[in-house]
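One structure below.
Laboratory data are not the source of any read-out in this text; all were calculated from the coordinates shown. Computed from a predicted structure; not experimentally measured. Every residue, glycine as well, gets a Cβ built from its backbone with ideal geometry; the counts of neighbours run over all protein chains shown.
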Amino acid sequence: MVNPTPPAKPDPKEIIIPSFMPFFWFACAIVAGILLADLLKISWYAWFVLLVICLILWFLHNHYKQRIYVSDRIPLAAIAFMICLGGLRYQVAQKPITPLQSAYYNERGSVEIVGLVSTAPEEFDFAENLVIEVESLTPLSSDEPLVTPEDVRGRVLLQVMPGSEYAYGDRLVIRGNLQTPPENVSFSYRDYLARHGIHSLMTFAQVSRIESGQGKPLLSLIYALKARSKETLSQIFASPEAELLSGILLGDDSQLSSELKAAYQLTGTMHIIAISGFNIALLAGLITTICNRWLGIWRGTIVAIVILALYTILVGAEASVVRAAIMGGFGMVGVLIGRRGNGMNSLGVAVFFMCLINPTLPWDVGFQLSLFASLGLVIYAQPLQARFEAFIDRFISKDWGKLLIRPISEYLLFTLIAQVFVLPLIAYHFGELSLLFLLANPLILPAQPLVMILGTLALMGGLLSPFLGSLLAWLAWPFAAYTNRMVSWLALTFPGATSLRDFRFIWVAVYYVLLFVFSLSKNPKAAFRWLVQPNRLVFYLGCLSVLSWSLVFSAPKGQLSLEVLAGSNNPVVLIESPTGRFLLLNGAVPGSALKEALGKALPFNHRKLDFLVIPSCRKDDVDGLIGLSDHVSIGTALWACDPERIQTTRRLYQDMQADQVIQATFTEGDWLDLGQDASLKLLDNGSEETYIQVNWEDFSALMVFGKPKLKYYEDTSPYSLLILPGQTEPEDLDITKIEEMHPQGVILSVDKQQLPLDGSFPLSDLLNGFSIIRTDQLGWVNVRTDGQQMWLFSQKQPPN
């Protein structure tokens with residue numbers, strides 16, 4: 001008997017598409033059905049009839065002499081059935097708006113809602129978002145309710161003041177007006193909320209809590225842990241590292257400043273902050289290793305899957321997280337039963353069930369990016385790694401090659417694959433594209449395992465003891481700081497992005513058709529040869545981590561420093577005295593930007609403001625100070641206005657009082673000793689403006705806050721520097737008085753969002769004869785002096 005020739009092993013360097021991947025084809029069919037249903041707009045019962053017909057054909061399939069297959073062992077009738085299932089599921093989800101739904105009462109006058117906070121609150125700079133599950137709704141502007149109030153159901157997004165201390169499971173009574181969420185040309189907030197089952201928005205409402213702890217016990221425990229974890233991170237880390245770790249570990253990047261978010265988006269590294277497949281893969285590997293070692297492979301895998309599921313809920317269960325968690329769970333099960341996972345099938349399982357549960361997901365941008373990035377990795381990761389391994393083996397020994405292959409694959413090759421697969425989607429949805437990801441990802445990805453592992457250890461230590469957490473934070477901080485500093489530096493050094501406003505969907509389709517056709521070809525080697533150049537593969541982690549430390553501690557000593565922050569029409573100034581004391585004047589920038597600036601300016605081991613000066617009690621000028629004492633220690637708060645003026649300042653006063661901050665009145669003629677004969681003095685305090693002077697030897701600066709009428713200001717002493725609010729009206733400025741002051745420079749605090757569409761700024765034109773520095777053009781501006789000379793630094797240009 002002749003032994004049959006064993007089948008040849010597949011070449012690992014070739015792209016191999018599995019012959020049997022039913023769930024992948026089923027997922028494609030489900031998505032196709034959903035898209036068809038949205039296009040055709042036929043009724044659900046028509047889809048149901050088609051579904052039954054396809055089911056019958058599927059069962060009768062084996063009786064046909066000529067069988068029709070889409071792929072190996074997957075009949076065409078099964079694919080048709082799945083298309084109809086997707087169409088039916090989408091059409092059933094399109095419920096008409098009736099008086100039994102809360103969205104019916106949008107723009108119909110005041111209502112009273114009794115509802116439950118159904119998810120963890122999300123806090124942003126100027127608002128806190130609460131998702132309310134409606135339990136009853138009573139119209140207040142109608143004589144007779146159309147239905148029984150207790151029969152009305154729905155979900156409402158309620159926006160309240162930040163720090164309102166509402167929690168999951170609170171039952172609230174809410175009075176206000178329901179609105180339809182807005183939309184514009186570039187973004188539809190309405191569609192975004194609709195994908196989460198929310199069709200109504202309520203702001204400026206009267207809210208009172210009637211019960212607490214009415215949620216599900218497990219979710220209450222998870223959300224309470226998340227809230228405490230977020231608070232712990234803010235205690236043991238400075239900003240913006242605390243916000244970065246909150247995004248990486250907890251899936252909450254709401255407090256990250258808009259500038260830093262923009263830097264991550266520009267450099268193509270936003271996937272680091274947002275919980276994604278990269279984070280889940282690291283976590284799944286770590287959890288599986290620990291659980292299997294302690295509990296054995298069977299019990300360890302089960303526990304690891306449960307922990308992964310709970311973590312998915314903890315970080316918000318966004319589509320990209322759920323997809324990664326499902327695939328991670330399938331990978332664990334595959335290892336458990338001794339079967340190698342089929343990546344295409346695992347991806348199909350995730351998409352199949354997710355789209356059945358939520359048929360609006362195909363329009364979710366995050367889901368699209370996550371899906372195509374995963375698809376690229378499934379197709380290309382193994383063959384590209386094998387090709388790189390074969391290439392490396394020609395130059396170095398296999399032992400050294402093994403040390404290089406895995407980190408280079410994970411931190412360069414795999415990232416490039418994912419980015420290549422999502423490039424057209426980024427161009428289509430966001431209208432611009434930057435190739436900085438080619439440089440940014442290899443520079444910062446090697447640090448991310450340490451960021452996650454050491455950050456998690458610091459968080460766990462902080463939950464047990466703030467002192468222990470602070471000690472462990474010293475280990476994690478360099479890598480988190482390095483990540484932020486490197487991304488910010490790259491974004492500032494290469495700020496340009498190619499505008500692609502006219503990038504149409506047809507080009508997305510053409511891109512993917514060509515890409516997938518090429519993927520199935522037999523010779524993809526030439527196209528990807530440039531990816532595997534070993535001279536591109538370097539490790540900067542050690543030296544650049546040291547650099548991130550030096551950047552923080554490089555502030556000059558024995559100098560007076562004034563930093564004017566960007567993003568406001570009223571100056572926000574951070575002062576460091578010659579003796580190292582820190583003062584903050586005003587809070588007119590978003591809280592996230594303010595905390596980030598303080599995190600960069602304050603030494604890691606001295607997160608304290610010696611003085612907080614509040615020159616104005618207008619709401620816009622104190623919004624950024626809400627919750628500030630939770631992140632940095634404040635020695636003394638000096639009020640140059642009446643804290644009882646408005647509700648926001650009353651709350652700020654009470655919060656600082658609860659944090660045991662010393663508070664005092666700062667009146668005309670009062671002054672502070674900054675050390676080495678430097679001083680800060682309140683010159684004048686009117687109803688709309690405040691004048692504060694800083695002196696040190698031959699240097700003097702006049703800082704003006706509020707809406708000044710400088711033509712009535714009598715003191716025209718010489719000043720080295722003037723810092724003026726951009727909201728100053730030109731007719732209130734006497735240019736001859738400015739000339740008498742002889743300033744060497746004039747810094748205008750200008751919010752670019754408040755400029756006219758044509759970009760005109762009359763105040764700047766009026767001061768054209770002086771050396772003008774505008775924060776809307778140059779970002780933050782830092783002034784340093786040794787008492788005789790003055791140096792100016794800015795965010796967007798080298799020092800003068």
Checklist outcome for this item: So the FRET efficiency between residue 662 and residue 298, C-beta based with R0 = 51 Å and rounded to 0.05, is 0.30
Next on the checklist: With viscosity set to 1.002 mPa s at 20 °C, what whole-number translational diffusion coefficient in µm²/s follows for the range 102-215 from Stokes-Einstein and a Kirkwood radius over Cα pairs?
Outcome noted: 151 µm²/s
Checklist outcome for this item: Ordering 682-688, 616-622 by per-residue average of other C-beta atoms within 10 angstrom, highest first, gives 616-622, 682-688
Checklist entry - Assuming R0 = 25 Å, what is the FRET efficiency of residue 179 and residue 135, from their Cβ-Cβ distance, to the nearest 0.05? => result 0.80
Item to check | Net dipole in debye of the range 102-215 [+1 Lys, Arg Cβ; -1 Asp, Glu Cβ; about Cα centre; nearest 20] | outcome: 160 debye
Checklist entry - Stretch residue 48-residue 654 to full length: gain in nm at 0.36 nm per residue minus the Cα-Cα span? => result 212.1 nm
Item to check | Restraint check, 230/707; 608/752; 707/737; 95/230; 681/709, Cα-Cα greater than 26 Å | outcome: 230/707; 608/752; 95/230
Checklist entry - Among the listed pairs 619/711; 595/711; 216/595; 261/711, which are separated by more than 29 Å between their Cα atoms? => result 595/711; 216/595; 261/711
Item to check | Stretchable slack from residue 742 to residue 289, in nm (0.36 nm times residue separation minus alpha-carbon distance) | outcome: 156.2 nm
Checklist outcome for this item: So the FRET efficiency between residue 493 and residue 262, C-beta based with R0 = 25 Å and rounded to 0.05, is 0.95
Checklist entry - Amide H neighbours of residue 200 under 5 Å, counting only residues 5+ apart in sequence or on other chains, H built in-plane at 1.01 Å? => result 157
Next on the checklist: If each residue of separation counts as 0.36 nm, what is the full-extension length gain between residue 608 and residue 108 once their alpha-carbon separation is subtracted?
Outcome noted: 175.1 nm
Checklist entry - Could the peptides 230-237, 212-219 be put in order, highest first, of the mean number of other beta-carbon atoms found within 10 Å of their residues? => result 230-237, 212-219
Checklist outcome for this item: Once the dipole of the range 692-743 is set up from charges on Cβ (+1 Lys and Arg, -1 Asp and Glu), the residue from the list 710, 725, 700 lying farthest towards its positive end is 725
Checklist entry - Taking +1 at the Cβ of each Lys and Arg and -1 at the Cβ of each Asp and Glu, which of 565, 603, 582 sits farthest along the dipole of the range 558-610 towards its positive end, judged by Cα position relative to the Cα centre? => result 603
Checklist outcome for this item: For residue 568, the residues 5 or more places away or on another chain with a placed amide H closer than 5 Å to its own amide H are 750, 751
